[in-house]
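The block underneath contains the structure these notes are about, expressed in structure tokens.
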């Protein structure tokens, strides 16, 4: 178990961390045999010089970023304004691109074709319904419904003509007692 922990620790130690320099991530090694002590000393001095330059450039960059932030603050430029400008510019770039124009044209044509297709389908359905309505079977059915309707409510249709009362009133009023003889239901 202890050996496994040591093995995994060695693997973790060999993985460079974020921001770690390439120089420090390379395992230390002895100088090449062809290098003299004088050459080694020169390289060490150059290494120190380059590290100092990097540090100076980092400080200059930080100062410039602070100066930039101050200027933007004085001009009233906020992060939100910059974001809006970036989005606007990106949208303009997208809408002027060839891909966007081709896609827009294609969708426009597809929309026109879909509209025409729906119109044709609607016209076909309308024609079919007219054909069904004019068919003899439907006419016969329509006549039977009319006959049935007049048989069920003959008083409603005649009372409308005679007294001028509405059909709804005649249908809602209770039926008048007729002088018919009742027969017991046994």
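Readers should treat all values here as calculations from the given coordinates under stated rules, not as data from a laboratory. Given the structure is predicted, the values throughout are model-derived calculations rather than measurements. Cβ atoms come from the backbone with ideal geometry, glycine included; neighbour counts cover every protein chain shown.
So how much slack lies between residue 117 and residue 143, counting 0.36 nm per residue of separation and subtracting their Cα-Cα distance, in nm? So the extension gain works out to 5.7 nm.
For the pair residue 135 and residue 108 in one chain, pulling the backbone fully straight at 0.36 nm per residue adds 5.7 nm over the alpha carbon distance. Judged by the ratio a/c of the largest to the smallest principal axis of the C-alpha gyration tensor, region 32-128 counts as oblate, that ratio being 1.5 or greater while a/b is no larger than b/c. Spin-label model, residue 61 to residue 88: label points 7 Å out along the Cα-to-beta-carbon direction sit 3.1 nm apart.
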